[in-house]
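Quick notes on the structure that follows.
The values are calculated or read from the model by the stated rules, or taken from the named source; none is laboratory data. Here the structure is a predicted model, which means the values were calculated and not measured. As a convention, Cβ positions derive from the backbone with ideal geometry for all residues, glycine included, and neighbour counts pool all protein chains shown.
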Amino acid sequence: MMFHLDYLSCFFTILATILLARKSWIGLLVAIANSLIVCLIGLRTSQLGFIPANLFCIVVYAFSMRPWFKERTHASRDQARLQKSLVVPTP
């Protein structure tokens with residue numbers, strides 16, 4: 001029995017779309033996994049045009065993750081500063 005990568009890709013496409021619509025960076029990871037699956041489908045079916053297009057998508061997704069990580073890091077740092085400033089020293 002052969003596993004159907006096309007069904008998995010369909011599921012990942014829907015999942016990534018929902019996650020990205022909710023502004024979840026995990027959606028980018030799912031999209032990267034989906035692009036890798038599409039590359040495998042392209043190799044198996046000799047439809048080699050899928051490969052460069054999806055490798056390009058992976059690079060775009062990876063670069064898109066950078067600002068989200070920076071924003072998350074800045075938000076965590078700002079929250080830590082706020083918590084420090086709210087701590088009242090006890091005499």
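Can you tell me which residue within segment 51-73, out of those that are within 18 Å of SER24 (Cβ to Cβ) and either outside any helix (DSSP H, G or I) or not hydrophobic (A, V, I, L, M, F, W, C) (or both), is modelled with the highest pLDDT?
TYR61
In segment 16-42, which residues are under 17 Å from GLU71 (Cβ atoms), part of a helix (DSSP H, G or I) and small (Gly, Ala, Ser)?
GLY27
From the set of residues in segment 1-22 that are polar (S, T, N, Q) and closer than 12 Å to ALA33 by Cα, which is surrounded by the fewest Cβ atoms within 10 Å (Cβ to Cβ)?
Checked segment 1-22; the qualifying residue surrounded by the fewest Cβ atoms within 10 Å (Cβ to Cβ) is THR13.
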